Amino acid sequence: MNRNTLWGAFWMAVAALCFTTMGVAARELHLSGFSTPNIMVWRSGIGLLLAAGIILCFAKLSDFQTRQKKAHLIRNSVHFIGQFAWFYALGQLPLVLVTSLNATVPLWGAILAIIFLHEKVTVQRMAVIVLAFAGVLIILRPGAMEIHHAAFVSLIGAMGYAGAMVLAKHLTKQDSAMTVVFWMMLLQLPMAAAFSLGSGEWMWPDWSDVVPVLIVGSTGVLAHFSMATGLKLADASVVMPVIYIQFPMVAVLGFALYSEVPSIYTGIGTVLIIAANWYNIARRG
């Protein structure tokens, strides 16, 4: 199996773990009364400090610089939409349902990678996309559940995430993974601050909120560093579906923390999706 493919998959798995942890922390902040823009301010603010510290201590000062400022602005405008939608949905819907809806990210991403990055279209790739999408349909069971408005917001966010991931693949051709993360935090902090102050929903954390606030900020940096590294090592349409391993993580945490019990359909769909992911990676090797 190709070594870059394996490492790319590994880094995407780390990103999945970080996103899952960040989702739980964001849910806790919602339960404490934090608004979505407020959460995003803390995420970007702490993340910016952490990213800058990592660059100063372990990376190169050149990682603060980029020749792709316009591309970073476009990417982060798209990502901001995805991030807002995801955080909002976490405060409205069960964790498992949000993850199920967000599972369309790799599907959209693989399609966009083929269209915009001109990655090769193969029967294998299309079969894997169809198989994974079938798993998503089994989980969602269209028509069998009541549709909450946040579900549509979550789907819009999934498209935003997919576009941001494809654009990140383009950025990492010239910039390091840490550069991508640093500029993401730098650009999204004023976006979130303007949104939060404009809505009049600002809230300072209590001592009980410090841990989830720190988790939201730190896992955001690690998640996006891992994702950018994975995309730099392998084709987006190959490594992006690894994000689907969030399903078993979220199922366990949702049950343990919030007594959410996934249905048998969620289990079947998850197994189908994970099988498609690993078959895709193995065949690429």
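Values quoted throughout were computed directly from the atomic coordinates according to the rules given, and no laboratory measurement underlies them. Predicted model, so just to flag it, every value in this text is computed and none were measured. Please note: Cβ atoms are built from the backbone with ideal geometry, for glycine as well, and neighbour counts cover all protein chains shown.
Across region 53-60, rounded Karplus estimates of 3J(HN,Hα) from the backbone phi angles (6.51 cos²θ - 1.76 cosθ + 1.60, θ = phi - 60°) give x, 5, 5, 5, 8, 10, 10, 9 Hz, Gly and Pro being marked x. Of the chymotrypsin sites (Phe, Trp or Tyr not before Pro) in region 127-216, the ones in a loop by DSSP (not H, G, I, E or B) with at most 14 other beta carbons within 10 Å are TRP202. In terms of its Cα atoms, the chain spans 48, 45, 27 Å along the principal axes, sorted from long to short. Projecting the Cα atoms of ILE39, PHE182, GLN246 onto the dipole axis of region 3-284, where Lys and Arg carry +1 and Asp and Glu carry -1 at the beta carbon, places PHE182 farthest toward the positive end. If R0 is taken as 30 Å, the Cβ-Cβ distance between TYR258 and ALA52 corresponds to a FRET efficiency of 0.30.
Exposed loop sites were defined as trypsin sites (Lys or Arg not before Pro) in DSSP loop states (anything but H, G, I, E or B) carrying at most 15 other C-beta atoms within 10 Å; in the chain the longest segment without such a site runs 174-285.
Considering only alpha-carbon pairs that sit under 8 angstrom and 6 or more positions apart, the relative contact order computed for region 147-275 is 27 percent. What the Cα convex hull of region 161-285 gives, in volume per residue, is 148 Å³.
Just THR266, THR66, THR122 to compare: in a GNM of the chain, with alpha carbon springs under 10 Å, which one fluctuates most? Judging by the Gaussian network model, the answer is THR122. Between ASN102, ASN76, ASN38, which gets the highest mean-square fluctuation from a Gaussian network model of the chain, Cα cutoff 10 Å? With Cα springs under 10 Å in the chain, the top fluctuation among ASN102, ASN76, ASN38 is at ASN38.
Note on region 3-284: with charges restricted to the Cβ of Lys and Arg (+1) and Asp and Glu (-1), its dipole about the Cα centre is near 1080 debye.
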